[in-house]
């Protein structure tokens, strides 16, 4: 097991300082100095620093932030800056800690970014479940307003900014940038067709810059260090530090700030302590539940945008979910698929029907009503979803499910066979596998069916899942 | 506002070079090369694409992902493939996905046989389904409204209906509830979807999820045929297709004509066809005999009517109702003027205008079109509530505001449903529309207008009047030298009544001060109270004008109100009511009651047996409804449109006869031969009689109509001398308390056709029921 690595603390600097969420403590620690420094520069100069930093968006897509800012049309008009704080990707909880413990950092970053982008109206769209965090932001916003950081003519710079903290109502799709904009406008939170992109026609049809909490929270650091200095951290196309949320089968789950480009093994084993003793990593999601899973042999892939992309997955939101060998891959697939079925907005066909169908197929496998041929159908359904949807939610299910089918085909097939046997319909009734299913042989850690030997439990067994109810018929 | 003038570009689709207008969406551009890209959610009538169904995925060179053809504007040199394996697989998979939760109950589905889902499954589907799991189930069908049934299992969630409700009719009632595969269309709180244009969603639905309750299970597509005509139930004159089975109208669908209706219908136009076959239809001639109306032969009815009218001679009069065709109006006017030598004929509800004002308002240079409402920089809606006067224009105004940024101003005595869409809403005192127009004309005058006094008379605010002036005629800036296109949409009630002439003069002054005559896309558009009000005026059904607004009318003609007074006072003795029920439709029912009671002969030529006819008619001729009619009508913007018979006339051989035929036979009995032996001949006589219709033929009018202002013969319009520089004189209040009578104008929804259509019964207040 590797020893924990030391990473520079930028975002998490002093994060556990008592009272950091107040302006007093924040300013004592150098807070809002970056804002003053930025306002002393021209907006173009600030933008140049952002570009030089090479900062890539931390929300999931990994788009270069400076470039995104420069997409906004120039000229005097109402421009909007929206902070996406609808952190809903399963396994992701980094923004939560940032906002709760250091809300002023986000507010400061947001003001600087608005100055660079020429935006004069801004919103923080925070997911509804983050009550504590929204309260912290609200309180910090009052302080920032009172100090003249938000409002008309900020610190005499001539730059004005309004800022509203808007609480969402609990839909994953409202974290998709255009769904977020619709929701913010008071509509049903459905993704919009792109183009037009938000940079041209976003909130209220105006030019809109949308950034993640972590991205904006990094901005004060970039101004303090200088873009070029910041870019020295990390690796060439993935600069700086990143917060990773590690969860699942690890001994020390939590948020860690790492320098991009370190081996993934150092995060999972070094920082998070790896799986409990005696267990092995079976697979891991490197960037939230929507990233294709990697296996244990991929643990040495450097943790940065491009390396993970080359390995067939993605860095996404930086949420590492570790699954060890005590869990059946079917359960992982089921949990993932059910989440996306439940959260699919229903606007476009492949996502709406594909997520629904995938769950139904997985349930059939689980109760022994499937054959190995169904795996092929399921794999082809994933292919039909990927790239054909209105937004990326469909892909967010199809990519991990597709990767699981491809990488754990044998286990799926064994599961199918075992479940069929327990219903008494398998080809190999009476074989060792059949006996294993009946509990007379030890079939190892994957005997999840042992608790359900009859196998005739109805599909919708996960009764708590609202996704299975029949829509108010 | 500049209309789009697209450049033609060349792109390649499936290997062939095709020319198409630049920036049209690929699915439309592909049609120029005879390539069909399947769609479900795409419907240009609903505005911008949403890209929800993903049926139209195509491959474009240089773009890695498949793109939706509905939302990709075509560019010069684009290379598009719709037949590659990748595209086929994607399209097949979308069909497969859509059918997963579709019940496939086509044998019992009204849409079966005319269903895009069936057609696209056949054309682009894989032919098999790999889905063996249970489908989603909903209770079905539900009443979405008294008119519409919703079957949510069949719904493919294309959003068309919701978009219609949200973005076209702006009633904001339909929403999608729940999420993902459990989404369904509903009203937010489950109340019935009742709105003036709700029926359009039935036609928009690409599957059998939304069906017409009156049409449900009445026919299959192979039992029916469609027959194009024009709805004459209101002045909007939307183009329709009547669905006919066994000579009965079973359904009315929109027949898209962007110059008239954009392909929408109101619920009255869509459902009032039921009245065509109602019990209350008059299907045979009736004669009053012993105080009762009894069926008689046509021969008898015609002789009695002729005798009655002949007895009255010059003391006879005629009123033409709104649905009268130009031809019928023209023949009726000749019957009155030539056979009976009576000058008393009218088609306007509440008083006529001096002929010179009629002509000046009809000046072809001042006429706005329906399309102009959409593209104008500013529209003033003055003394008319479109949803009650010509409903489909309500949608056009909303479209202009929403899509082209038209600035809408409203001036009405009360609130209207358009208020939320308007930039400026003004009020004036009831009956003071004329005074309002005079005040506005004054406000637009150069120099320092005397506004306070005039605004006071009109009962409006001076400050708002100034805002309106600024909206209609803003100060010119250096960079914007484009002439401002302003359209004024006004109701007939403005130019009726004691201030009618003053209002007309003021309108002409406003037009002059806004330079309307010289700006393309600017102008006046009058919504007449009667469907064919414009056509009847032009055909000479006015007390003071002959055909083509000529001054060949006999002198001394009385308008409708004066006719009533004459009948009540015994100065006139016979009246011919052609499609008009004065007690229901004309102002001052009390006066008309006395008038009809006092008349010695009342000839009613009508489709429905109303109380008025039962009480007062001496001879009743059964009349056609529009679906039975042949002839022409004129749209408020001057478009001649053609009615074609869709169903057989009710009542068989001794039943309903064509209007022109009845009038011809009656004229023969009065010694006048029209030489009209067919509907087409009646039209020919009309085109000969109106100079500015010269040379028109029914073929030229065709299915889309033709605006006479756009033909060469328009130069024959008797524009006459300018009257705009005369000072408009408001009528002095009749009594010192300044009280004035306000003429009643009925909403088009309050009509005998609505009353006799069971599907629309819910529009009428619930009748009291006596229990026990």
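The values are calculated or read from the model by the stated rules, or taken from the named source; none is laboratory data. Not measured: the values here are computed from a predicted model. In this analysis, Cβ positions are derived from the backbone assuming ideal geometry, glycine residues included, and neighbour counts consider all displayed protein chains.
Inspect the stretch A:443-458 for any residue being at pLDDT below 50, farther than 16 Å from residue A:336 by Cβ and within 14 Å of another protein chain (Cβ to nearest Cβ) and give the result as yes or no.
yes
Among the residues of the stretch A:365-374, what is the count of those that are more than 12 Å from chain B (Cβ to nearest Cβ) and buried (at least 17 other Cβ atoms within 10 Å of the Cβ)?
Filtering the stretch A:365-374 for residues more than 12 Å from chain B (Cβ to nearest Cβ) gives A:366, A:368, A:372.
Keeping just the survivors that are buried (at least 17 other Cβ atoms within 10 Å of the Cβ) gives A:366, A:368.
Of the residues in the stretch A:365-374, 2 are more than 12 Å from chain B (Cβ to nearest Cβ) and buried (at least 17 other Cβ atoms within 10 Å of the Cβ).
Just the residues that are more than 14 Å from chain A (Cβ to nearest Cβ) and either touching a strand residue (DSSP E or B) at 6+ places or on another chain (Cβ under 7 Å) or exposed (fewer than 15 other Cβ atoms within 10 Å of the Cβ) (or both), please, taken from the stretch B:120-146.
Of the stretch B:120-146, the ones more than 14 Å from chain A (Cβ to nearest Cβ) are B:122-123, B:127, B:143-146.
B:122, B:123, B:127, B:143, B:144 - these are the residues of the stretch B:120-146 that are more than 14 Å from chain A (Cβ to nearest Cβ) and either touching a strand residue (DSSP E or B) at 6+ places or on another chain (Cβ under 7 Å) or exposed (fewer than 15 other Cβ atoms within 10 Å of the Cβ) (or both).
Which one is farthest from residue A:352 (Cα to Cα) among residues in the stretch B:167-182 that are within 14 Å of another protein chain (Cβ to nearest Cβ) and outside any loop (DSSP other than H, G, I, E, B)?
B:167
Within the stretch A:261-293, which residues are in contact (Cβ under 8 Å) with a residue 40 or more places away in the chain and part of a strand (DSSP E or B)?
Across the stretch A:261-293, the qualifying residues are A:263, A:281, A:282, A:283, A:285.
Would you confirm whether any residue within the stretch A:100-108 is under 16 Å from residue A:207 (Cα atoms) and in contact with a helix residue (DSSP H, G or I) (Cβ under 8 Å, 6 or more places away or on another chain)?
Within the stretch A:100-108, none of the residues are under 16 Å from residue A:207 (Cα atoms) and in contact with a helix residue (DSSP H, G or I) (Cβ under 8 Å, 6 or more places away or on another chain).
For the stretch B:589-602, give me each residue that is over 12 Å from residue B:318 (Cα atoms) and in contact (Cβ under 8 Å) with a residue 40 or more places away in the chain.
Residue satisfying the conditions is B:600 alone.
For the stretch A:325-340, what are the residues that are surrounded by 24 or more Cβ atoms within 10 Å (Cβ to Cβ) and within 17 Å of the chain's Cα centre (by Cα)?
Selection gives A:336, A:337, A:340.
Here are some conditions: (1) within 30 Å of residue B:242 (Cβ to Cβ); (2) within 12 Å of chain A (Cβ to nearest Cβ); (3) part of a loop (DSSP other than H, G, I, E, B); (4) in contact with a strand residue (DSSP E or B) (Cβ under 7 Å, 6 or more places away or on another chain). Residue B:185 meets all but one. Which one does it not meet?
(3)
Can you tell me which residue among B:270, B:281, B:255 is buried (at least 24 other Cβ atoms within 10 Å of the Cβ), within 25 Å of the chain's Cα centre (by Cα) and either at pLDDT 95 or above or within 29 Å of residue B:587 (Cβ to Cβ) (or both)?
Going through B:270, B:281, B:255 in turn, the sole match is B:270.
Select, from B:146, B:134, the only residue that is in a loop (DSSP other than H, G, I, E, B) and over 21 Å from residue B:216 (Cα atoms).
One residue alone meets the criteria, B:134.
Could you check the stretch B:31-73 and list, in sequence order, the residues that are touching a strand residue (DSSP E or B) at 6+ places or on another chain (Cβ under 7 Å), in a loop (DSSP other than H, G, I, E, B) and within 13 Å of another protein chain (Cβ to nearest Cβ)?
First, the residues of the stretch B:31-73 that are touching a strand residue (DSSP E or B) at 6+ places or on another chain (Cβ under 7 Å): B:32-33, B:35, B:37, B:49, B:51, B:54, B:56-61, B:66-73.
Checking the rest, the ones that are also in a loop (DSSP other than H, G, I, E, B) come to B:32-33, B:35, B:37, B:49, B:51, B:54, B:56, B:61, B:66, B:69-72.
If the condition is that a residue be touching a strand residue (DSSP E or B) at 6+ places or on another chain (Cβ under 7 Å), in a loop (DSSP other than H, G, I, E, B) and within 13 Å of another protein chain (Cβ to nearest Cβ), then B:49, B:51, B:54, B:56, B:66, B:69, B:70, B:71, B:72 are the ones that fit.
If you check A:354, A:312, A:287, which single one turns out to be away from every other protein chain (no Cβ under 14 Å), crowded, with 24+ Cβ neighbours inside 10 Å, within 23 Å of residue A:388 (Cβ to Cβ) and at pLDDT 95 or above?
Selected residue: A:287, the only one of A:354, A:312, A:287 that is away from every other protein chain (no Cβ under 14 Å), crowded, with 24+ Cβ neighbours inside 10 Å, within 23 Å of residue A:388 (Cβ to Cβ) and at pLDDT 95 or above.
Whether any residue in the stretch A:384-391 is out of contact with any strand residue (DSSP E or B) (no Cβ under 9 Å at 6 or more places or on another chain), farther than 30 Å from residue B:56 by Cα and in contact (Cβ under 8 Å) with a residue 60 or more places away in the chain is what I want to check.
no
Any residue that is closer than 13 Å to residue B:147 by Cα and either free of Cβ contacts under 8 Å to residues at least 60 places away in the same chain or in contact with a strand residue (DSSP E or B) (Cβ under 8 Å, 6 or more places away or on another chain) (or both) - is there at least one of those in the stretch B:226-245?
No, the stretch B:226-245 contains no residue that is closer than 13 Å to residue B:147 by Cα and either free of Cβ contacts under 8 Å to residues at least 60 places away in the same chain or in contact with a strand residue (DSSP E or B) (Cβ under 8 Å, 6 or more places away or on another chain) (or both).
Scan A:60, A:66, A:75 and give me the residue that is out of contact with any strand residue (DSSP E or B) (no Cβ under 6 Å at 6 or more places or on another chain), part of a helix (DSSP H, G or I) and closer than 23 Å to residue A:208 by Cβ.
Just one listed residue meets the conditions, A:66.
Kindly indicate whether residue B:335 is over 30 Å from residue B:506 (Cα atoms) and surrounded by 24 or more Cβ atoms within 10 Å (Cβ to Cβ).
Yes.
Just to be sure, is residue B:398 over 24 Å from residue B:706 (Cα atoms) and surrounded by fewer than 24 Cβ atoms within 10 Å (Cβ to Cβ)?
Details: over 24 Å from residue B:706 (Cα atoms): yes; surrounded by fewer than 24 Cβ atoms within 10 Å (Cβ to Cβ): yes.
Yes, satisfied.
Taking the stretch A:327-369, which residues are more than 18 Å from residue A:403 (Cβ to Cβ) and touching a strand residue (DSSP E or B) at 6+ places or on another chain (Cβ under 8 Å)?
A:346
For the stretch B:74-111, how many residues are part of a helix (DSSP H, G or I) and away from chain A (no Cβ under 14 Å)?
Filtering the stretch B:74-111 down to residues part of a helix (DSSP H, G or I) leaves B:85-100, B:106-108.
Add one more test, that the residue is away from chain A (no Cβ under 14 Å), and what stays is B:106-108.
Qualifying residue count for the region: 3.
Could you go through the stretch B:204-225 and let me know if any residue there is at positive phi, within 14 Å of chain A (Cβ to nearest Cβ) and either surrounded by fewer than 16 Cβ atoms within 10 Å (Cβ to Cβ) or assigned to a strand (DSSP E or B) (or both). Step through it out loud before you land on a result.
Step one: of the stretch B:204-225, the residues at positive phi are B:217.
After this cut, where a residue has to be within 14 Å of chain A (Cβ to nearest Cβ) as well, the list is none.
Within the stretch B:204-225, not a single residue is at positive phi, within 14 Å of chain A (Cβ to nearest Cβ) and either surrounded by fewer than 16 Cβ atoms within 10 Å (Cβ to Cβ) or assigned to a strand (DSSP E or B) (or both).
Mind checking which residues of the stretch A:402-420 are out of contact with any helix residue (DSSP H, G or I) (no Cβ under 8 Å at 6 or more places or on another chain) and farther than 22 Å from residue A:354 by Cβ?
Hits for the stretch A:402-420 are A:410, A:420.
Just checking, which of B:197, B:164 is away from chain A (no Cβ under 14 Å), in a helix (DSSP H, G or I) and within 30 Å of residue B:396 (Cβ to Cβ)?
On the way: B:197 fails: in a helix (DSSP H, G or I).
When all the criteria are applied, what remains is B:164.
Can you tell me which residue among B:89, B:84 is within 15 Å of residue A:384 (Cβ to Cβ) and surrounded by fewer than 21 Cβ atoms within 10 Å (Cβ to Cβ)?
B:89
Output the number of the condition that residue B:443 fails; it satisfies all remaining conditions of (1) closer than 17 Å to residue B:503 by Cα; (2) surrounded by fewer than 16 Cβ atoms within 10 Å (Cβ to Cβ).
Residue B:443 satisfies all of (1) closer than 17 Å to residue B:503 by Cα; (2) surrounded by fewer than 16 Cβ atoms within 10 Å (Cβ to Cβ) except (2).
What is the one condition in (1) touching a residue at least 12 places away in the same chain (Cβ under 8 Å); (2) surrounded by fewer than 24 Cβ atoms within 10 Å (Cβ to Cβ); (3) in a loop (DSSP other than H, G, I, E, B); (4) at the interface with chain B (Cβ under 10 Å from one of its Cβ atoms) that residue A:347 does not satisfy?
Unmet for residue A:347, out of (1) touching a residue at least 12 places away in the same chain (Cβ under 8 Å); (2) surrounded by fewer than 24 Cβ atoms within 10 Å (Cβ to Cβ); (3) in a loop (DSSP other than H, G, I, E, B); (4) at the interface with chain B (Cβ under 10 Å from one of its Cβ atoms): (2).
Determine which member of the set A:472, A:467, A:394 is over 26 Å from residue A:280 (Cα atoms), buried (at least 19 other Cβ atoms within 10 Å of the Cβ), within 14 Å of chain B (Cβ to nearest Cβ) and modelled with pLDDT under 95. Working first, answer last.
Details: A:472 fails: buried (at least 19 other Cβ atoms within 10 Å of the Cβ); A:394 fails: modelled with pLDDT under 95.
A:467 is the lone residue from the list that is over 26 Å from residue A:280 (Cα atoms), buried (at least 19 other Cβ atoms within 10 Å of the Cβ), within 14 Å of chain B (Cβ to nearest Cβ) and modelled with pLDDT under 95.
When residues of the stretch A:172-190 are filtered for being touching a residue at least 12 places away in the same chain (Cβ under 8 Å) and either more than 12 Å from every other protein chain (Cβ to nearest Cβ) or closer than 14 Å to residue A:201 by Cα (or both), how many remain?
The number of residues fulfilling the criteria is 10.
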